[in-house]
Amino acid sequence: MKSIRHQLSILIFCLLLFAICLLIQHKTKDTISAPSNEEAIEVVSGSDGDYIKWVDFNVSYEALCTAYDLDVESYDSPVHLHWIELLAYAGAKNGGSFDKGSISLIQKLASELSSEETTLEELTLDMDYYDYYYEAYEAVLGGMVGEYEIQQEDETGNLTWKTVYGLKAFSPIAKGFEYSDYDDFGSSRSYGYKRQHLGHDMMGQIGTPIIAVESGYVEALGWNQYGGWRIGIRSFDGKRYYYYAHLRQNFPYALDLKEGSIVTAGDVIGYMGHTGYSTKENTNNIDTVHLHWGLQLIFDESQKEGNNEIWIDCYALTRFLYKNRSLTEKNTETKEWFRHFQMRDPAVTEYQTKLRLSL
């Protein structure tokens, strides 16, 4: 009799355990999470289907340069190596970490693909999280490399147009203007409430021309008590929101800039200052003159504002963008700065065409 009761107890315990497991599975069925060593990987179900909930962008400056150079050098080759694919492969192999070995890994992959001994599809067929890293890195870097037209100056000073393939994103600080910076992402901030620093600070002089990193449209323009005079520019694909803050008192923006304005990468959009940390507009309450620029990723519109925002560390990216700085010149009458070499970005033309067709 005791044996029967004992067996019954075990059976009831097993049934209860099974029920608990089913309940847990039901509560988490809409969330796909990585193992504990892949905490940065999380995909949730949203209004537009499944979307990425969090990204840790740890791609090193060296990896960015290596992948970019391989991309550009192979542009006219039988096998064009795409830098985001190379980075996503390395990211998936190393759980999002990039060290010196990542450079060798990227170069080895490039060699194998260029020799056509294999394909990326074959190599990533059974690779965990490659798709995640590709989507995450494409969200960060997707609008930065491509074909475009840019003015160039010959020996006689004449400007001519040239079609090129390469980096079409720019440093947020104009060429010839010095600045200092360090990796301050995640450091503590206390004004208003205790929070992390979700951007990158570049210290310089008042009035330094601030440059549009990528082509897009102005989504926000005006005063914010934390950022002071600030500009928010959205990429045309909607995935990136560029935030430029603490702009100059009294004269923060390019004069023709307004919400809805279309800007081309390399355009002057505003001027460095130290406004902010005040509910009163046009107040200099920041101790150090600097540009705060941030990059927010948006996979679903619910992430635009609130507790689901994704801001990435821009330090390595800022170093990489130093490769492309916009040369500017000053209009002595209006005191404005303008880019010297104009650029034609196909992304701008495509967006303008869509706007016309939608009217």
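Which residues in the stretch 280-322 have a backbone N closer than 18 Å to a point placed 7 Å from the Cα of Ser187 along the Cα-to-Cβ line?
285-295, 312-319
Over the stretch 88-170, how many percent of alpha carbon pairs lie in each 5 Å bin up to the one with the longest distance?
3, 12, 15, 17, 18, 11, 7, 7, 6, 3, 1, 0
So what J values fall out for the stretch 244-261 if you push phi through Karplus, 6.51 cos²θ - 1.76 cosθ + 1.60 with θ = phi - 60°, rounded to Hz, Gly and Pro as x?
10, 10, 6, 6, 4, 5, 6, 9, x, 10, 4, 4, 8, 7, 8, 4, x, 4
Kirkwood Rh over alpha-carbon pairs of the stretch 223-359, then Stokes-Einstein at 25 °C and 0.890 mPa s: what D in µm² s⁻¹, rounded to an integer? Write down the numbers at each step before the final one.
Details: Rh = 16.6 Å.
After rounding, the answer is 147 µm²/s.
Does a label point 7 Å from the Cα of Glu305, set along Cα-to-beta-carbon, have any residues of the stretch 239-280 with amide nitrogen under 16 Å, and which are they?
Residues passing the 16 Å test: 241-244, 259-260.
Calculate one ³J(HN,Hα) per residue across the stretch 121-137 by plugging θ = phi - 60° into the Karplus curve 6.51 cos²θ - 1.76 cosθ + 1.60, and present them in order as whole Hz with x for glycine and proline.
Rounded to whole hertz, the list is 4, 5, 5, 9, 3, 10, 8, 5, 6, 4, 4, 4, 5, 5, 5, 5, 6.
What ratio of Cα Rg to 2.2 N^0.38 Å holds for the stretch 247-323? Display every interim value, and only then the final one.
Details: Rg = 14.9 Å, N = 77, 2.2 N^0.38 = 11.5 Å.
Expressed relative to 2.2 N^0.38 Å, the Cα Rg reads 1.30.
Tell me the label-point distance for the pair Asn224, Ser114, using the 7 Å Cα-to-Cβ offset, in nm and rounded to one decimal.
4.2
Which of the pairs Lys330/Lys354; Lys168/Lys304; Lys175/Lys330; Lys53/Lys304 have their Cα atoms more than 22 Å apart in this structure? Each step should come with its number before you reach the end.
On the way: Lys330/Lys354 33 Å; Lys168/Lys304 25 Å; Lys175/Lys330 13 Å; Lys53/Lys304 12 Å.
Too far apart for the 22 Å limit: Lys330/Lys354; Lys168/Lys304.
Which whole-Hz couplings ³J(HN,Hα) result when phi for each residue of the stretch 270-286 is put into the Karplus expression 6.51 cos²θ - 1.76 cosθ + 1.60, θ = phi - 60°, listed in order with x for Gly and Pro?
x, 9, 5, x, 8, 7, x, 6, 7, 7, 8, 4, 6, 9, 8, 10, 8
Once R0 is set to 51 Å, what does the formula 1/(1 + (r/R0)^6) return for the Cβ-Cβ distance between Trp54 and Glu149, expressed as a FRET efficiency to the nearest 0.05? Intermediate values should be presented prior to the final figure.
Details: r = 37 Å, r/R0 = 0.73.
Using R0 = 51 Å, I get an efficiency of 0.85.
What residues qualify as long-range amide H neighbours of Ile173, i.e. H under 5 Å apart, gap of 5 or more or another chain, H built at 1.01 Å from N?
Residues meeting the criterion, in which the H sits 1.01 Å from N, are Ile211.
Bear in mind that the values in this text are calculations on the coordinates, not laboratory data. Everything quoted here is computed from the prediction, not taken from an experiment. Quick reminder, even Gly has a Cβ in these numbers, built from the backbone with ideal geometry, and neighbours come from all protein chains shown.
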